[in-house]
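Asks: The structure under discussion is supplied below as structure tokens; questions concerning it will follow.
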Amino acid sequence: MKNSTLPTKQENNAVATRENTRTLTPPVDIFDAGDALVVVADLPGVDQEHIDINIEKNVLTLKAEPSTRVSEPRLLNEFVLYPFYRQFQLGEMVDQDKVRAELRYGVLTVYLPKVAEKQPKKIEVKVG
Amino acid sequence: MRSFWDPFREFESLYREMEQLFDQVNPVRRIFGRITDGPLSASYPLMNVGEDKDNVYVEVLAPGLNPDSIEVSVLNDQLRIAGEKAPLKTDIRPEAFYRCERGSGRFVRTLTLPVDVEADKVTADYRNGILLVTLPKQAAAKPKQIAVKVN
């Protein structure tokens with residue numbers, strides 16, 4: 001039996017979105033470095049092997065599982081670490097085979113190189 | 001006990017409610033604390049404090065710090081943590097940004113410790129963007145096990 005009586009929209013082209021669990025949205029900086037897009041995300045408490053970066057149908061998905069556990073009992077409790085999850089729609093410009101990423105001090109940097117024909121071309125201005 | 005109506009206290013509660021409202025709109029603020037100034041915003045970086053019978057543990061959520069900039073010091077019952085969240089390289093044109101949410105800059109936060117600690121045996125370990133400070137308790141602050149005699 002179906003759980004919902006409402007018709008759900010089925011998009012054949014859609015990428016899987018988050019699972020139905022609690023997640024944190026990491027803050028990011030995204031900037032255009034000329035020949036690449038650079039995504040910088042704060043992922044505290046995450047080991048390198050627990051990061052999952054996936055590009056499918058021009059959607060970049062970042063998933064990360066924090067492995068740091070806080071000692072109990074708590075005297076002061078200001079943060080809780082849940083799995084991190086965030087998705088970004090990319091343009092056609094990214095060369096998906098050349099994506100690379102590095103993790104340093106809890107900050108993930110993803111380099112998304114642009115395909116060659118989308119890189120800016122420098123046009124020499126001739127002064128006659 | 002409050003015996004008269006204090007308008008400034010009313011403002012404070014209004015401020016708190018507004019902060020909570022903003023937190024709902026932008027959860028990133030709530031998760032990672034706020035760098036900005038303000039009367040109630042001395043909450044960067046966020047901390048969890050736990051203890052067992054020998055130590056107090058302070059965990060500080062601070063990704064992307066410049067490791068050389070981290071300063072941890074203990075004076076009496078005050079733990080002071082200072083550092084700098086490293087900025088991105090500065091040659092990026094402002095118009096090249098699509099998202100700019102992480103922020104950067106220097107911070108200081110002090111915390112009043114619940115018990116007396118051995119200030120010269122405090123250790124701090126920065127790993128994966130979380131600073132773990134372990135503060136051994138002074139002998140007088142540790143719990144004593146009392147043997148119960150049964151007659």
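Rule-based calculations on the coordinates, nothing more; no lab input. Since the structure is predicted, the reported quantities are computational estimates derived from the model, not experimental observations. Note that we place each Cβ from the backbone using ideal geometry, even for glycine, and neighbour counts take in every protein chain shown.
Asks: When a footprinting reagent is the concern and you count Cβ atoms within 10 Å, what order do B:Lys89, A:Lys126, A:Lys114 take, fewest first?
Replies: The order, fewest Cβ neighbours first, is A:Lys126, B:Lys89, A:Lys114.
Asks: Which pairs break 20 Å Cα to Cα here: A:Lys63/A:Lys114; B:Lys53/B:Lys144; A:Lys122/B:Lys89? Spell out each step's value before the answer.
Replies: Details: A:Lys63/A:Lys114 22 Å; B:Lys53/B:Lys144 9 Å; A:Lys122/B:Lys89 23 Å.
Beyond 20 Å between Cα atoms: A:Lys63/A:Lys114; A:Lys122/B:Lys89.
Asks: Once R0 is set to 41 Å, what does the formula 1/(1 + (r/R0)^6) return for the Cβ-Cβ distance between B:Ala140 and B:Ile70, expressed as a FRET efficiency to the nearest 0.05? Don't jump to the answer; show the numbers that get you there.
Replies: Values: r = 30 Å, r/R0 = 0.72.
That pair, B:Ala140 with B:Ile70, gives E of 0.90.
Asks: For peptide B:55-65, compute the average count of partner chain beta-carbon atoms within 10 Å of each residue's beta-carbon. Walk me through the numbers before you get to the answer.
Replies: Details: counts 1, 2, 5, 2, 11, 3, 8, 4, 13, 11, 3.
Taking all residues of B:55-65 together, the mean is 6.
Asks: Could you please report the charge total around A:Arg100, scoring K, R as +1 and D, E as -1 over all other residues with beta-carbon less than 14 angstrom from its beta-carbon? Please report the intermediate quantities before stating the final value.
Replies: Numbers: positive: A:Lys98, A:Arg104, A:Lys114; negative: A:Asp35, A:Asp95, A:Asp97, A:Glu102.
Counting the neighbours of A:Arg100, the net charge comes to -1.
Asks: Taking the Cβ-Cβ separation of B:Tyr15 and A:Arg74 as r and a Förster radius of 45 Å, what is the calculated FRET efficiency to the nearest 0.05?
Replies: Values: r = 26 Å, r/R0 = 0.58.
The formula returns an efficiency of 0.95 here.
Asks: Please compute, for peptide B:101-108, the average count of beta-carbon atoms on other protein chains lying within 10 Å of each residue's beta-carbon. Working shown, then result.
Replies: Details: counts 9, 8, 3, 1, 0, 0, 0, 0.
Across the residues of B:101-108, the mean count of other-chain Cβ atoms within 10 Å is 3.
Asks: Something else now. Between the DSSP loop rule and a limit of at most 11 other Cβ atoms within 10 Å, which GluC sites (Glu not before Pro) in the range A:86-128 are left?
Replies: A:Glu92, A:Glu124
Asks: Mind jotting down the distance between the C-alpha centroids of the range A:110-128 and the range B:41-98, whole Å?
Replies: The distance from the Cα centre of the range B:41-98 to that of the range A:110-128 comes to 39 Å.
Asks: If you scale each eigenvalue of the Cα gyration tensor by 5 and take the root, what three semi-axes come out for the range A:45-97, rounded to whole angstrom and sorted largest first?
Replies: On the way: eigenvalues 212, 26, 7 Å².
Values for the range A:45-97, descending: 33, 11, 6 Å.
Asks: Please order A:Ile55, B:Ile130, A:Ile123 by the number of other Cβ within 10 Å, starting at the fewest. Could you put the intermediate results ahead of the total?
Replies: Working: A:Ile55 17, B:Ile130 24, A:Ile123 6.
Ranked by crowding around the Cβ, least crowded first: A:Ile123, A:Ile55, B:Ile130.
Asks: While we're looking at this one, here's another question. Assuming 0.692 mPa s and 37 °C, estimate D for the range B:46-141 with Stokes-Einstein, Rh taken as the Kirkwood radius over Cα pairs, in µm²/s. Spell out each step's value before the answer.
Replies: On the way: Rh = 14.8 Å.
The calculation lands on 222 µm²/s.
Asks: I'd like the distance separating the alpha-carbon centroids of the range A:81-97 and the range B:117-140, in whole Å.
Replies: 37
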